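Contents: one structure, followed by commentary.
The numbers here are math on the coordinates, done by the rules we state, and not lab data. The structure displayed is predicted, hence computed values, not measured ones. Counting neighbours? That spans all protein chains shown, and the Cβs are built from the backbone with ideal geometry, glycine included.
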Amino acid sequence: MTKVQHILKEIDELNANDQQILLREILKRVDRKKSAKAILDKYRGVGTGIWNTDAQEYINSERAQDRV
């Protein structure tokens, strides 16, 4: 039995009121995650063109200087 199947079995054993409470909590958590993703997506790529080098090249350069 998968984890999801086990959870669904447990949900079936709850009374209708507890199932409604659980549903509301799950929906709140999903909405929170969607909101956080939307906020982060809004800023994705904002720094493009600010630096004159590739981010990975910059990190590699900084690491190389730390090792000297």
| message | Quick check on the range 2-19. Is at least one of its residues surrounded by fewer than 10 Cβ atoms within 10 Å (Cβ to Cβ), out of contact with any Asp or Glu (no Cβ under 9 Å at 6 or more places or on another chain), among the hydroxyl-bearing types (Ser, Thr, Tyr) and in a helix (DSSP H, G or I)? | response | no
| Mind checking which residues of the range 34-61 are in a helix (DSSP H, G or I) and exposed (fewer than 10 other Cβ atoms within 10 Å of the Cβ)? | ALA38, ILE39, LEU40, ASP41, LYS42, TYR43, ALA55, GLN56
